[in-house]
Amino acid sequence: MKRPSGWTLAMGAMAAVLIGLAGLSIFKGAREAAERDETPAPPCPPMFVDRVGDGDRIRERLRGLPEGAALLDALRVEVRFCFGTIDVPVVSEERLLVLDARASREEQTARTGHLLHHVVHGLPFPAAVPADADCDAILETAIAREAEAYALEVRLRRAQDLEPNRYEFEREFWRASADDQAALVARYLREHPSGAPNMDPLVAGYRQRCEVERAAAGRR
């Protein structure tokens, strides 16, 4: 199915690629995530359904995994789980986790961990790009944060006995020490700027977005 337009991928999600759902964009930065916000998230976007029970079950699964429990404890905002058909789940600045209803509960849980990592620790891409921005530096931050989120997702997959090797880097990932896993993923992302199996062109997308927004800021 074609992805809805108007979403910016985070994640995990592929930054700088708009996929539908007009008016929504990537969840903004670490500052917002650091402030406790207990207000309810807005309703799910069109074609996606708020299944409170399913969301609660994903939270319960995460709570049963050590890294998942730590992530939930660090969460400072209320989020809403929205289910529908989407190839790459995303999180919006409106605090909506948009998940693929076709995926297994275990896969949804692992991907939710990836997305919540962005919410808790700050999204890869800044909320604004000034005219004098250093896109190389912005890209390095994006790669580091994506690598950490992917590393968490892969660990959550193994913790739930999901089929291995969804991502090409997994064999090498599990041979690396825990301290080196995120760096390994970061290297893989740099080596595959245009994407790879089950992974969008994150690096190319972030760079293009930075250059476009920097140029736009310079014209203001």
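A DSSP coil position with no more than 15 other Cβ atoms inside 10 Å describes the following GluC sites (Glu not before Pro) in the range 41-150: Glu78.
Using the beta-carbon distance between Glu211 and Ser104 and R0 = 45 Å, what value does 1/(1 + (r/R0)^6) give for FRET efficiency, to the nearest 0.05? That gives a FRET efficiency of 0.75.
For Cys82, Cys210, Cys135, Cys44, what's the fewest-to-most ordering of other Cβ within 10 Å of each Cβ? Mind showing how you got there, number by number?
Numbers: Cys82 26, Cys210 23, Cys135 17, Cys44 20.
Result, fewest neighbours first: Cys135, Cys44, Cys210, Cys82.
Distance from the C-alpha centroid of the range 167-218 to that of the range 111-128: 14 Å, rounded to the whole angstrom. Using a simple spin-label model with pseudo-atoms 7 Å out from Cα toward Cβ, Arg219 and Ala144 lie 3.2 nm apart.
With +1 on each Lys and Arg Cβ and -1 on each Asp and Glu Cβ, how big is the dipole of the range 30-121 about its Cα centre, in debye rounded to the nearest 20?
Numbers: 13 positive and 17 negative charges, 36 e Å.
That gives the range 30-121 a dipole magnitude of about 180 debye.
Volume per residue of the convex hull around the Cα atoms, evaluated for the range 135-218, comes out as 87 Å³. When the GluC sites (Glu not before Pro) in the range 149-220 are filtered for DSSP coil states and for at most 15 other beta-carbon atoms within 10 Å of their beta-carbon, the remaining sites are Glu168. Taken over the range 30-121, the ratio of Cα radius of gyration to 2.2 N^0.38 Å equals 0.99.
Extension gain for Glu172 to Thr85 (0.36 nm times residue separation, less C-alpha to C-alpha distance): 28.2 nm.
A short reminder: the numbers here are calculations on the coordinates, not readings from a lab. Note that the structure is predicted; figures quoted are calculated from it, not measured. Here the Cβ is made from the backbone with ideal geometry for all residues, glycine too, and neighbour counts use every protein chain on show.
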